[in-house]
Every structure is written in C-alpha cells, then in structure tokens.
Amino acid sequence: MELSYQEKLTLIKLGELKKTRFEELVKAANIEQVAVMRAVLGLQAKGLAKLHERSERVVRITETGRRYGKIGLPEWRALGILRERGKVTLDDLKTVLSEDELKPIVGLLRKEGWANVKKEDGKLVLEITEKGLNAEERPIDRALKLLAEKEALPVKEIEKLVPVKELKRRKIGEEETVTEREVEITPAGEELVRKGIELKREVSVLTPELIKSGKWKEVEFRKFDIRAPVRRIYPGKKQPYRAFLDKIRRRLIEMGFIEMTVESLIETQFWNFDALFQPQNHPAREWTDTYQLRYPKSGSLPEKELVEMVKTAHERGLAGSRGWGYVWSPERAMLLMPRAHGTALDARQLAKGVEIPGKYFTIQRVFRPDVLDRTHLIEFNQIDGFVVGEELNFRHLLGILKRFAVEIAGAKKVKFLPDYYPFTEPSVQMSAYHPELGWVEFGGAGIFREEMTKALGIDVPVIAWGIGIDRLAMFKLGIDDIRYLFSYDLRWLREAKLVW
C-alpha cells in the first residue's frame, strides 16, 4: 500500500492516540492543519482510519453584543432617560448613546411603541408612551443575556426566542457552522503501524540538484489529492450593490437608453424645482423636506430666454394653463442645494435638446432629510428616466415600470396607485411586494406637464419616472434592511452573490 509522507506521519501519531479529536492529532503531527486533513482523508480512503464529523449551526456573540450585554441595548438606555424626563430631543440622548446608536434609535422606539415622535421648533422630539412606561423584557433581551453568558448557542435554541436574522441585523450575533471532528485508527491501520512504517523525506518538486546528486532515489515524491478540502479563498470582486448598479446601467443601455451624466451633486433650485414647474411656495421646498447649502448660498441661472419661459409658466401659464399665479423670484431659483431627486437631470437634458423619439436615463445620488430605518436613508441612489415621442401615453409608462420591477428587480407582485407630483399629470405611485417588509413604495412616475415641457422647448409627450434603486436592490439581493447595501460586514461582502 502506497502512503505519502504525511499519511505515514499521521498514521504513526494516530497509532499512539487511537481515537482523538482532530485538533489534538494536528498538534501531535506538528504539520499544517490542511495537510493533516488531507492525510486523514487519504488514510480513510485506504481503510486505515475513520473520520467522524458532526456539524451544527450556532450563533456566536459579537463584540457589539458583549458590550450591549454589559450596558444594555440602545433602546433601553434611551428609554431610561425618557422615563426620567418624559420628553427628550435627540441631543439629550447623546449622553447615553453613541453616534452610530443614535441614528436608528427613533425607528427602534417607534417600532416598540415606546415613544411618539414629532417636531417642535424644528427639532425631533420623543415623548414616552404608556407602553414605554410599562415596557418589559422582550425575547431579544433574553437572547442577548443567554449569548452573553455562553458566548455561543445552537441556532435552533436561539430561534425559540428570536429570529437569527434579527440578531445579525442588530450586530449582536453572527451565525456560523461549528464542526467537531474525531479521528479513529482502524484495525488495519493498527496492524500496519505494528509492522513498522519507514518515513522518508518527501518532496513536491524535482529540482536539478536532486537529479545531479542522485538523492532523488532516497526521497518520496508527494502525491496530490485534488478532492481534499483546502483553505477557502475569497477572490476580489465588486461590492454587491455596486455590481447591481453597473448591471442595471448596462441593461438600460442595451435597451437603447442614453445615459445622462453630471459631475456635481449640487443643483440650483431652478433645475431641482422651478424648471419642473414646482411653485416656489410649495412645502416640499422647505428646509424640513430638502437640504440647503450654507456656503456658497447661491449659484447662477441658465440663459435668459429659458429663464423667461419658466417664469412665464409659473406666473401666467403655458399651453392653456393659468400657471401658479404668483410673482416668481429669480433669487429663490438661484439658491443652491444637494440634489433632491434625479428628475432635475431630466429638465437639464430636455432644455439641452433630445432626440425624438428618444430614451434617456440617469443613476444619481440624491439627498433628503428623513428618519433612518429599514426602508429609508437620507442619502440614496435614484434611477430617473424619460421617454419622449409623439405617440406615447400612460399605458406605455405603466408597461415600462412593471418591466423594471419584475425583470430587473425580481419583484413578484406589483401594484400602481394614483399619486400627485407638481410636474406630472396624470401621476402614479408604484409599489412592489417584499416577503419580509410587505408592500414597499419605490417609485413615482407620470407624464410631464406641458407647462414644464413647453417651457423647456419640447412639444411632444414625455413619460418619466423616478425609482429608488436602493429599494429595488433589496429585492434582488435578498436583504430586508436598506442600510445593509452599504455595510462593511466582511462576511456579507464575501458571501453575497453577484446577481442579475
């Protein structure tokens, strides 16, 4: 029977130990773990040893979980202050919460029903509820206590209290597979050890020196088993969400869409609102719904003729419209802001000139004040686009939107609801069904109003949409928390599949 050097060494040590844990055999052989495993598998195939394996999925506590086990979860620390004062601002919570903990706390307290959230003097205020005053220990609290005591628990035991994905989302625990291995020598292996095994130097490369010296006769050449397990390697790859965006972009270009690009994330209110026929007194233009640039405060307007057409549309109307009936302010239109929606690029492109018929799209980062939670971010990506042509109608728009949700995002159910936007008529909101979150709104669309398009020099119908591409990615990547798209969790980054 031919045995490699490592198989001989492992069998000799196993002859001394008889039956032992795999880790002890590695120590005894004093060679790399992967080499011992390769040898054990080789010996098992030859009937000289047996490998017994038992695997179990466990949840292991993280550093964050250990810290929470000592000081308590963020919502309990926040509730402590709420119970003392009754009403607090986010600044009040900074005494017991870190910056990272402060971001999701409003959503956590509201989800538990422990606090009501409202705005007072431009600040978010949390007020304790009756449920918050009488809050008791929850399943997640009991799970955290158990993990803090035992460090790791079987998944089936944890699942009796709380879903493992909830512990992973809160970064309290990590799921992993624990495999216990035992190695046992067989009677045939013991017999071979008793007869005596000669250990010769083993080499993997036949060098010129071995040939010249004649020592190649005194060594054994290593054989390789390509079926033996080896250390897992994680090759470099694109971040999963980045790869998803690139594939969306390529798919749209293949469908004949032209990409609209812009270097700056900052827009004037003229392009973000005024060119879209959104009145200057519209509540969505206030600081509570958009960000404003503090310095520099104002930019410049485009050519005078275009500005005059937009002004006329607002004050007196175009295409039979009466407009909004107020005095339009160029100073207000010059104010700078981080882009609130990608539709601003639609207006820029229409004013610049388009092919008729033509299809255009853009994927842009946009910014809106919001409360961070599983489905909301304050900085996110949006895919905007429009199709311009003489024979277009509302049914064309619905068809395009449904194709986006079903073919590109993988949504199983889609529904449309009437909606209102200042720059489209008719308008529609689109929602898709997520297995964890239920119905999620991720897009708004409509036909651009003639008051907008005629001011920009377009005399044919334009159907347009704006879709929260981050929410579409949740469907495709199979996650239930939008913040995970930007996660630095190495386990997820390594194991997430690159999907289409």
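Quick notes on this one:
- By the rule of a C-alpha distance below 16 Å, with chain neighbours fewer than 8 residues away ignored, the aspartates and glutamates paired with Lys123 are Asp91, Asp92, Glu286, Asp289, Asp370.
- For the range 66-136: rounded, prolate or oblate by the Cα gyration tensor [a/c cutoff 1.5]: oblate
- Taking Lys and Arg as +1 and Asp and Glu as -1, the other residues whose beta-carbon sits under 14 Å from that of Glu267 total +3.
- Straight Cα distances below 14 angstrom link Lys413 to the aspartates and glutamates Glu436, Glu441, with same-chain residues fewer than 8 positions distant left out.
- Positive dipole terminus of the chain, leading residue within Ala275, Gly196, Thr179 (C-beta point charges): Gly196
- Listed residues Ala313, Leu401, Val460: farthest to the positive end of the dipole of the range 241-495 (Cβ charges): Leu401
- Surrounding net charge for Ile211, when Lys and Arg each add one and Asp and Glu each subtract one, Cβ distance under 14 Å: +1
- Taken about its Cα centre, the range 32-83 carries a charge dipole of roughly 160 debye when the Cβ of each Lys and Arg holds +1 and the Cβ of each Asp and Glu holds -1.
- The range 198-204 - phi-based ³J(HN,Hα) in whole Hz, Karplus 6.51/-1.76/1.60, Gly and Pro as x: 8, 8, 10, 4, 10, 10, 10
- The range 241-495, relative contact order [Cα under 8 Å, separation at least 6], %: 21
- Overall, the range 10-146 carries a charge dipole of about 720 debye about its Cα centre when +1 sits on the Cβ of Lys and Arg and -1 on the Cβ of Asp and Glu, all other atoms neutral.
- Peptides 224-231, 241-248 ordered by average Cβ neighbours within 10 Å, highest first: 241-248, 224-231
- Selection among Val388, Pro330, Gly443 by position relative to the dipole of the chain gives Gly443 as farthest towards the positive end (Cβ unit charges, Cα centre).
- Taking amide hydrogens as placed 1.01 Å from N in the peptide plane, the amide H of Gly173 sits under 5 Å from those of Thr62, Lys168, each at least 5 positions away in sequence or on another chain.
- Mean Cα-pair separation over length for the chain, i.e. relative contact order, pairs under 8 Å, 6 or more apart, %: 14
- The packing ranking, built from the mean of other Cβ atoms within 10 Å per residue, places the peptides 33-40, 341-348, 443-450 in the order 341-348, 443-450, 33-40, highest first.
- Cα long-axis angle, helix 99-112 against the chain (0 to 90 degrees, to the nearest 10): 80
- Cut-off 15 Å between beta-carbons: net charge of the residues surrounding Gly399, Lys and Arg +1, Asp and Glu -1: +3
- When peptides 301-311, 471-481, 137-147 are ranked by their average number of other Cβ atoms within 10 Å per residue, the highest-first order is 471-481, 137-147, 301-311.
- Legend: residue pairs Lys119/Lys297; Lys168/Lys497; Lys13/Lys46; Lys46/Lys195; Lys237/Lys415; Lys103/Lys415, Cα-Cα distance threshold 24 Å; pairs beyond threshold, Lys119/Lys297; Lys237/Lys415; Lys103/Lys415.
- Whole-Hz ³J(HN,Hα) from phi, Karplus 6.51 cos²θ - 1.76 cosθ + 1.60, for the range 137-147, glycine and proline x: 4, 9, x, 5, 5, 5, 5, 5, 4, 4, 5
- Normalised contact order of the range 66-136, rounded percent, pairs of Cα under 8 Å and 6 or more residues apart: 33
- Per-residue HN-Hα couplings for the range 75-92 [Karplus 6.51, -1.76, 1.60; θ = phi - 60°; Hz; x = Gly/Pro]: 5, 6, 5, 5, 5, x, 5, 4, 5, 6, 9, x, 8, 9, 9, 4, 4, 5
- Using Cβ point charges alone (K and R +1, D and E -1), the dipole size of the range 241-495 about the Cα centre works out to roughly 480 debye.
FYI, it's all coordinate maths here, none of it is from the lab. As the structure is a computational prediction, the values presented were derived from the model and not from experiment. Every residue, glycine as well, gets a Cβ built from its backbone with ideal geometry; the counts of neighbours run over all protein chains shown.
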